[in-house]
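Since the structure comes first, as structure tokens, the remarks are kept for the end.
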Amino acid sequence: MLGAILGDMAGSRFEWHPLPKDADPWQFPLLTKECRPTDDTAMTLAVARAIRSCNGSLENSGKILTEALIDSMHDFGSRYPDAGYGASFKRWLTSRSRLPYNSFGNGSAMRVSPAGWAWDTLEETQRGAALTASVTHNHSAGIAGACAVASAIFLARTGRTKQEIRTFLEQTYHYDLSRTLAEIQPSCSFDVSCQVSVPEALTAFLESSSCEEAIRLAIWLGADADTQGAIAGGIAEAMFGMPEDLQHKALDMLDKSQQKEVALWQDWLAGRCRQ
């Protein structure tokens, strides 16, 4: 989850001010005083808390987890009202709605990383990820985006190769991952749909060799930098791990409450591993 949070914060200052198209992805500071945790981080923590609060229950067709997700997202939305939510999601938060609104935006994919770690099988991971999306993003593309990212995290953390992950994503979610970043980047522009932004972020992960590189490449694309950084960073953390210095830097930029949520999540995961 910290990989997603780091990607969000690193990309936050570029969301509306992308890098020049001829920029070097390694020639900008990863974190500066202009960086901040955005709605991506707030809702990622909300998903983590919801999963933890019901111990990852998928019983009753996911009703227990669904209710926990809605409650947790509403709570984090009220605590962080200025995190940068999209207009439709902000209306959902402020109205305290408990009904989805058929979104196919990449909000479902940006917040899903905890689901990639929470369950012991790929099938459970896909079911859980679909629930994290469908409380708001119940459009088939919104659900697919979340499931693809969570599946990639699960496969990465359980030892699959990048080629195996690529093949699974292409065959299961029908994403075109044949284009290279060099082919994508010149015409890449801001697009918040899962259909466009998720495959781009997945490609940034597939071409990387570290968590930091995945985030840098996602930002370098010049599109929805914080969300694509969160997606690529979340998967890359599962594949490559995350150096301690970057973990500390990411945690230091969170407030005390957010730091506590990360610690509670890590403790919960550790407890599941001991079971």
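The values are calculated or read from the model by the stated rules, or taken from the named source; none is laboratory data. The shown structure was predicted, so the numbers you read here are calculated from the model rather than taken from an experiment. With ideal geometry, Cβ positions are generated from the backbone for all residues, glycine too; neighbour counts draw on all protein chains shown. Protein only, heavy atoms only, side chains kept; ligands, DNA and RNA dropped before computing areas. Shrake-Rupley method; radii C 1.70, N 1.55, O 1.52, S 1.80 Å.
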- So which lysines can LYS256 reach, going by Cα to Cα under 30 Å and dropping same-chain residues fewer than 8 places off? LYS33, LYS90
- Given a Förster distance of 35 Å, the FRET efficiency implied by the Cβ-Cβ spacing of GLU124 and VAL192, rounded to the nearest 0.05, works out to 0.80
- Task: Report the relative contact order of the chain, percent, no decimals, based on alpha-carbon pairs under 8 angstrom and at least 6 residues apart.
- Result: 28 percent
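Which value, in debye to the nearest 20, gives the size of the charge dipole of the chain about its Cα centre, when Lys and Arg are +1 and Asp and Glu are -1 at the Cβ? Kindly include the intermediate steps, with their values, before the conclusion.
Numbers: 25 positive and 33 negative charges, 143 e Å.
It comes to approximately 680 debye.
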- How long is the gain from TYR101 to ARG36 if the chain were fully straight, where each residue apart is worth 0.36 nm and the alpha carbon distance is subtracted? 20.6 nm
- Message: Leaving out ligands and nucleic acids, and using a 1.4 Å probe, what accessible area per residue does region 1-160 come to in Å²?
- Response: 40 Å²
- Task: Note down the nm distance, to one decimal, between modelled labels 7 Å out along Cα→Cβ at TRP16 and at ASP267.
- Result: 3.8 nm
- Message: Given the C-alpha atoms of region 98-188, compute the convex hull and give its volume per residue in Å³.
- Response: 101 Å³
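Can you give me the orientation-averaged projected area of the convex hull built on the Cα atoms of the chain, in nm²? Please report the intermediate quantities before stating the final value.
Values: hull surface 51.3 nm².
That works out to 12.8 nm², a quarter of the Cα hull's surface.
Looking only at Cα atoms, what is the convex hull volume of region 1-106 per residue, in Å³? List each step's numbers first, then the result.
Details: hull volume 13.7 nm³, N = 106.
Residue-normalised Cα hull volume stands at 130 Å³.
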- Straight-line reach check, LYS260, cutoff 18 Å on alpha carbons, 8 or more apart in-chain or any other chain, hits among lysines -> LYS249
- Item | Positive-end residue, the chain charge dipole about Cα centroid, Cβ charges, pick of ALA236, CYS188, SER178 | ALA236
